[in-house]
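Only one structure is covered here, and it is reproduced in the block below.
The values are calculated or read from the model by the stated rules, or taken from the named source; none is laboratory data. Just so it is clear, the structure is predicted and the values come from calculations on it, not from any experiment. For neighbour counting, all protein chains shown are included, and Cβ atoms are generated from backbone atoms with ideal geometry for every residue, glycine included.
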Amino acid sequence: MKRACLVAALALLAACRVERAASGRPPGTRTAADSLTAVEQDSAEAVAVEAALRTYYRRFSSRRWSDFGLSFWPGAIITTNWQPPGEGAERVVVQSVDDFISRAADGPDRLAVFFEEPVHVDIRTYGPLAEAWVVYRARFGMRRDSVETHYGIDAFHLMKDRGEWRIAALTFTNELPGRLLAVSRP
């Protein structure tokens with residue numbers, strides 16, 4: 001009898017398998033992390049978000065600052081690490097779009113060549129909310145014969161209102177030394 005129970009228990013155990021949720025947790029009650037991994041991507045919205053981002057990059061590269069500002073919702077912010085003139089080290093700078101534009105004379109406007117474009121775009125949407133991580137390539141130079149190419153990451157948060165996607169927040173960083181981004185380089 002013991003042997004029959006043992007064989008039955010082993011057979012039952014052999015028929016079982018351990019499953020994991022998309023988040024990697026053991027089965028059971030769903031978690032908030034499972035909700036995030038299960039968000040369905042609306043491909044039409046992702047296409048619309050990418051179009052809004054490509055418009056942003058065109059406006060940025062053109063340096064027509066009034067057009068550039070149209071890519072953002074009023075009150076939007078731009079954040080990065082930056083070393084202000086006269087300071088000894090970089091620090092986090094959170095600024096309004098208007099403040100960013102007012103500093104353009106110290107950045108893109110002082111360059112003979114300035115062009116930024118998306119190389120890879122990863123977009124997530126949920127209703128009127130979108131986030132996008134973009135690997136960008138920037139080409140710039142003080143003279144047309146001294147153009148350098150740099151890479152970095154732009155992290156966008158966008159909201160849709162009345163059919164229009166605009167940026168609510170942009171945080172960006174340049175490529176880190178020793179942690180090169182996996183991109184095709186010219």
When you go through (1) touching a residue at least 60 places away in the same chain (Cβ under 8 Å); (2) surrounded by fewer than 16 Cβ atoms within 10 Å (Cβ to Cβ); (3) among the aliphatic types (A, V, I, L, M) one by one for residue 104, which number turns out not to apply?
(1)
Given the criteria free of Cβ contacts under 8 Å to residues at least 40 places away in the same chain and under 20 Å from residue 70 (Cα atoms), does residue 130 qualify?
no
Which condition does residue 98 not pass, out of (1) out of contact with any helix residue (DSSP H, G or I) (no Cβ under 6 Å at 6 or more places or on another chain); (2) surrounded by 15 or more Cβ atoms within 10 Å (Cβ to Cβ), if it passes all the others?
(2)
Please list, ordered by residue number, the strands (runs of 3 or more DSSP E) wholly in the stretch 63-169 having 3 or more residues that are closer than 29 Å to residue 184 by Cβ.
72-82, 113-126, 129-141, 148-161
Of the conditions (1) closer than 23 Å to residue 157 by Cα; (2) touching a residue at least 40 places away in the same chain (Cβ under 8 Å); (3) over 21 Å from the mean Cα position of the chain (by Cα), the single one that residue 66 does not satisfy is (2)
Can we say residue 113 is of a type in the set (A, V, I, L, M, F, W, C) and either surrounded by 15 or more Cβ atoms within 10 Å (Cβ to Cβ) or in contact with a helix residue (DSSP H, G or I) (Cβ under 9 Å, 6 or more places away or on another chain) (or both)?
yes
Within the stretch 44-58, can you find the residues that are touching a strand residue (DSSP E or B) at 6+ places or on another chain (Cβ under 8 Å) and not small (Gly, Ala, Ser)?
45, 49, 50, 53, 54, 56, 57
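Conditions (1) modelled with pLDDT under 95; (2) among the hydroxyl-bearing types (Ser, Thr, Tyr); (3) under 22 Å from residue 118 (Cβ atoms), marked per residue:
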| site | (1), (2), (3) |
| --- | --- |
| 24 | yes, no, no |
| 43 | yes, yes, yes |
| 63 | no, no, yes |
| 96 | no, yes, no |
May I ask you to list the residues in the stretch 44-62 that are closer than 17 Å to residue 170 by Cα and either within 15 Å of the chain's Cα centre (by Cα) or part of a loop (DSSP other than H, G, I, E, B) (or both)?
49, 50, 51, 52, 53, 54, 56, 57
Filter the stretch 135-182 down to residues that are surrounded by 13 or more Cβ atoms within 10 Å (Cβ to Cβ) and over 20 Å from the mean Cα position of the chain (by Cα) and give me whichever is farthest from residue 73 (Cα to Cα).
147
If you check residue 49 against the conditions, is it surrounded by 16 or more Cβ atoms within 10 Å (Cβ to Cβ), touching a residue at least 40 places away in the same chain (Cβ under 8 Å) and not hydroxyl-bearing (Ser, Thr, Tyr)?
yes
Step by step: first the residues of the stretch 85-95, then only those that are farther than 18 Å from residue 166 by Cα and not small (Gly, Ala, Ser), then the one that is surrounded by the most Cβ atoms within 10 Å (Cβ to Cβ). Which residue is that?
93
